[in-house]
Amino acid sequence: MAFACKDPNAILPVIIDLLHQEGCTDAKAIISSLFDAGRAQLRVFVSGWNTIDGVLAYRPETRFAATTRVLVAAAHERALRDLLLAAPRGDVLLFLIAGAWTLPTLAELFDGHEVAPRPPLDDPSVHLFVGVRRGSGTLPAIADETLVQGPPLARAAPPRPAGGHTLSSAKDPIVARLRDLGNAAGRRARGQFLAEGPLLTSRALDDLLVEDLFYTSDLLRDPTGAALLECAADLSVPTYRISEGLMGLITPTRPIPDVVSAIWGRVRDVADYRPGRRAVILVTEQINNPENLGMTLRTADAAGVEAVVVAGGGADPLHRECVRAARGAVGRIPIYACANLPAWIEQLRTQGIYVVGATGNVEHALYDANLPLPLAIIVGNETEGLTSATMAACSSLIRIPMAPGQDSLNVGVAAGVILYEIVRRTWRAGE
């Protein structure tokens, strides 16, 4: 998550360093475009665990035809995603964002488009993007020339109607969309997934891009139900009351959940991913059980992993059971798909990233292993483990020591043991 910074001046050296890492030739000019006007209205957020890995700063727009100007600089994808999820809801945002690698994530999370650079915002490493956070409003039709000529918009993008709706027909297009989200092809096509139950819906409203929310009369009998609907109304998230019969068509979960939310999110191809300089990446190979994959994602999120790469097919990370087991990690932690894991491992190694495969069939134990950063850890399914091609491509192979009588662990547990050994070493080194 991103956290508010109370002293914007203290964070200036970090922003300059992050911009320089992306090749920005005039970081001070880019910063001054935001910090030198409207300082009293400036808000700054930072992301990172033990270190500051990214900064987002924004203030009301004073020149161009947008509501808010936003500067984003991040060291890696996880920090970037945390920051973008902290951007204002409903506003038309003009982003100044460092690094071309950030643009696919912007396009995933925001309805918008890149804008041609214009003086004084014409540093080649800083891209301009105008958009509205998905699920929070509609982007007005703004041509580039109109945008740069101004004047600033007087208000945010028009909110969608929220609250007070009832759905009663299975033929309603909204119900058809939700039924599409019950299968992997529909989730890919629409760029959304479902979260079920009050806890996950509440977390989604706090952190993620919620398109709409659907509830049965049972939610109103839950002490938390009224607060949940009030929160959705405050965020202009449309809510729909539906019957248990319709809810049963939307999801096969039994007992039938009393609330589900549709959330914007995709699993992108690993070709879009640019590892950070001190990355810890978790790779799963052929994890077929969605609950096991969800537990693994939850563990990776808690251990501060920069990204998770799901390889070799297996369970869909956006499957409802995976989303439930991940407890809020899906949609927040970056997740990528990889069709050819051995080839991608070779690519990582040419980039100087050490790749470690976890298996029970080697002598080299975890606690004696070399685990230098940047680092990728690969875990396989409990039945077959890693494929032989993947093991051959790794820099090294390790095993988790186990007492006699067991020869394997649940994949989520195994991932947690390894990842927290990395956390322990990092903390011990004071990094």
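The values are calculated or read from the model by the stated rules, or taken from the named source; none is laboratory data. Given the structure is predicted, the values throughout are model-derived calculations rather than measurements. As a convention, Cβ positions derive from the backbone with ideal geometry for all residues, glycine included, and neighbour counts pool all protein chains shown.
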Open item on the list: I'd like the full set of residues that are acidic (Asp, Glu) and surrounded by fewer than 20 Cβ atoms within 10 Å (Cβ to Cβ), limited to region 264-286.
Closed with: ASP269, ASP272
- [ ] Report whether or not LEU200 is outside the structural domain of VAL417 (by TED's automatic domain parsing), touching a Lys or Arg at 6+ places or on another chain (Cβ under 7 Å) and part of a strand (DSSP E or B).
- [x] no
Open item on the list: For a quick check of your reading: which helices (runs of 4 or more DSSP H) sit entirely within region 268-356 and have at least 3 residues that are in the same structural domain as ALA100 (by TED's automatic domain parsing)?
Closed with: none
- [ ] Please state which one of THR253, THR216 is of a type in the set (S, T, N, Q), more than 30 Å from TYR354 (Cβ to Cβ) and crowded, with 18+ Cβ neighbours inside 10 Å.
- [x] THR216
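In the set ASP123, ASP111, which member is assigned to a loop (DSSP other than H, G, I, E, B), surrounded by fewer than 23 Cβ atoms within 10 Å (Cβ to Cβ) and not aromatic (Phe, Trp, Tyr)? Give the steps one after another, and end with the answer.
On the way: ASP111 fails: assigned to a loop (DSSP other than H, G, I, E, B).
On inspection, the qualifying residue turns out to be ASP123.
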TODO: Return the only residue of GLY331, GLY352, GLY405, GLY360 being out of contact with any helix residue (DSSP H, G or I) (no Cβ under 9 Å at 6 or more places or on another chain), farther than 16 Å from ILE287 by Cα and in contact (Cβ under 8 Å) with a residue 40 or more places away in the chain.
DONE: GLY360
- [ ] Go through (1) at pLDDT 95 or above; (2) outside the structural domain of LEU348 (by TED's automatic domain parsing) and name the single condition ASP234 misses.
- [x] (1)
- [ ] Would you mind stating whether ILE398 is of a type in the set (Val, Ile, Thr), in a strand (DSSP E or B), under 27 Å from GLU346 (Cβ atoms) and touching a strand residue (DSSP E or B) at 6+ places or on another chain (Cβ under 7 Å)?
- [x] yes
TODO: Please work out if VAL259 is over 15 Å from TYR336 (Cα atoms) and either modelled with pLDDT of 95 or more or in the same structural domain as THR390 (by TED's automatic domain parsing) (or both).
DONE: yes
TODO: Quick one: PRO104 ticks every box in (1) out of contact with any Pro (no Cβ under 7 Å at 6 or more places or on another chain); (2) on the phi > 0 side of the Ramachandran plot except a single one, so which number is it?
DONE: (2)
Open item on the list: So, in region 34-51, exactly how many residues are surrounded by fewer than 19 Cβ atoms within 10 Å (Cβ to Cβ), at pLDDT 80 or above and touching a strand residue (DSSP E or B) at 6+ places or on another chain (Cβ under 7 Å)?
Closed with: 3
